[in-house]
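S.K.: Okay, here's the structure, questions in a sec.
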Amino acid sequence: MQLKAIIQGLAAIWLVVFAVSFFSLRGESDDFASLLSRVVAFLTWQVVAFAVAAAGALGTRQAVARETPNVKLVGYAPLAISVFVIAAFIVIVAVRFLLVPLFESSGLL
């Protein structure tokens with residue numbers, strides 16, 4: 001099987017898992033346990049998406065070494081997007097739970 005088809009398949013799997021991670025945030029209840037379980041489900045799906053994207057990037061690296069045309073964007077974009085989403089989530093949580101209480105206690109908020 002050609003590497004290009006494998007990379008495209010991994011990109012399609014990544015897209016499905018990535019979309020499922022955002023659907024896992026939806027829910028009816030607003031109690032703390034429900035919200036926390038949805039966040040944990042979101043992060044779990046994001047880690048799975050990251051693993052699939054990393055496998056696609058490794059395959060892309062091999063395909064580029066074999067000079068396969070038109071494979072870089074499909075292979076590297078999912079990894080870049082996954083890293084961005086996970087990093088953005090970490091920054092948002094850090095701001096919410098570290099900086100906001102600091103500003104509230106000093107009277108700035």
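The values are calculated or read from the model by the stated rules, or taken from the named source; none is laboratory data. Small disclaimer: the values here were computed from a predicted structure and weren't measured. Backbone-built Cβ (ideal geometry, glycine too); neighbour counts: all protein chains shown. To get the accessible areas, we keep the full protein, side chains included, count just its heavy atoms, and leave off ligands, DNA and RNA. Shrake-Rupley method; radii C 1.70, N 1.55, O 1.52, S 1.80 Å.
S.K.: Which one of Arg26, Arg38 is open to solvent by less than 60 Å² (accessible area, probe 1.4 Å), of a type in the set (D, E, K, R) and farther than 25 Å from Gln8 by Cα?
M.R.: Answer to the check: Arg38.
S.K.: Do you know which of the residues in region 65-84 that are open to solvent by less than 50 Å² (accessible area, probe 1.4 Å) and touching a Phe, Trp or Tyr at 6+ places or on another chain (Cβ under 8 Å) is farthest from Ala55 (Cα to Cα)?
M.R.: Ser82
S.K.: Just to verify a result, which residue in region 1-53, among those that are among the charged types (D, E, K, R) and assigned to a helix (DSSP H, G or I), is farthest from Ala88 (Cα to Cα)?
M.R.: The qualifying residue farthest from Ala88 (Cα to Cα) is Lys4.
S.K.: Within region 57-64, is there a residue that is of a type outside the set (Gly, Ala, Ser), modelled with pLDDT under 90 and either surrounded by 14 or more Cβ atoms within 10 Å (Cβ to Cβ) or not in a helix (DSSP H, G or I) (or both)?
M.R.: yes
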